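Contents: one structure, followed by commentary.
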Amino acid sequence: MKQIKIGKILVSIGSVVLLLFVSYIHAQDEGIKKHTKTETPEPTQITSDRLDAYNDKRMVVFSGNAVAIQGNKTITADRIVMYYKEKSTNHKKTGAMEGTFGELERIEACGHVQITQDKRIAKGKEAIFYQDEQKIIIKGNAVMSEDKNIIRGEKIVLLLRENRGYVESGSDKRVTATIYPEGKKENKK
């Protein structure tokens, strides 16, 4: 597969995706707060046609026209699924407390995924955020754009801790990037 390293637009949209996903867990540890650059996260409103919580599987599913909004950031998908790690404790849990949710493991957005913030837009068939790795993968005819700049590939991978990313081609299409130079400002006298 061909890979192309991309610059500013990838990092910008990666930040948008991270802010959206991290907002779901309200940035509890300091490492995430540093990555999101927010002291107090804004509230996140998630709407969908249905919400299902599976305590034994440690997951919450928002299905049917799922929309998550935090400030000027929006993610839309057919379904948004949040997976949690098992809560670790030193004592045995009993009854209703058994299998309760712990820290976030990953978030998956599936079907007609679109992530927007101002002029930045990322689209794909699915997007997955891995909490521990601080990695976002957008798959399925992935497209990232800001203003007129557009990057397309089968898969876009954002490595947030490393402040970099890459785009991979599919078996029948190559990676394409159309980047316009920044406009020059005129000096008025």
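The values are calculated or read from the model by the stated rules, or taken from the named source; none is laboratory data. Everything numeric in this text was worked out from a predicted model, so none of it was measured. For neighbour counting, all protein chains shown are included, and Cβ atoms are generated from backbone atoms with ideal geometry for every residue, glycine included.
At-a-glance table
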| read-out | value |
| --- | --- |
| Selection from the stretch 47-67 of residues that are assigned to a strand (DSSP E or B) and either at pLDDT below 85 or touching a Gly at 6+ places or on another chain (Cβ under 6 Å) (or both) | 50 |
| Residues satisfying the stated conditions in the stretch 129-153, i.e. on the phi > 0 side of the Ramachandran plot and of a type in the set (S, T, N, Q) | 134, 141 |
| Matching residues in the stretch 135-182 - criterion: being among the basic types (Lys, Arg) and touching a residue at least 24 places away in the same chain (Cβ under 8 Å) | 135, 148, 152, 161, 164, 174 |
| Elements of type strands (runs of 3 or more DSSP E) contained in the stretch 78-189, each with 2 or more residues being at pLDDT 85 or above and among the aliphatic types (A, V, I, L, M) | 101-117, 120-130, 135-146, 149-159 |
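Residue-by-condition table, conditions (1) crowded, with 18+ Cβ neighbours inside 10 Å; (2) closer than 22 Å to residue 61 by Cβ; (3) in contact with a strand residue (DSSP E or B) (Cβ under 6 Å, 6 or more places away or on another chain):
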| residue | (1), (2), (3) |
| --- | --- |
| 105 | no, yes, yes |
| 113 | yes, yes, yes |
| 123 | yes, yes, yes |
| 136 | yes, yes, yes |
| 151 | yes, no, yes |
| 155 | yes, no, yes |
| 163 | no, no, no |
| 179 | no, no, yes |
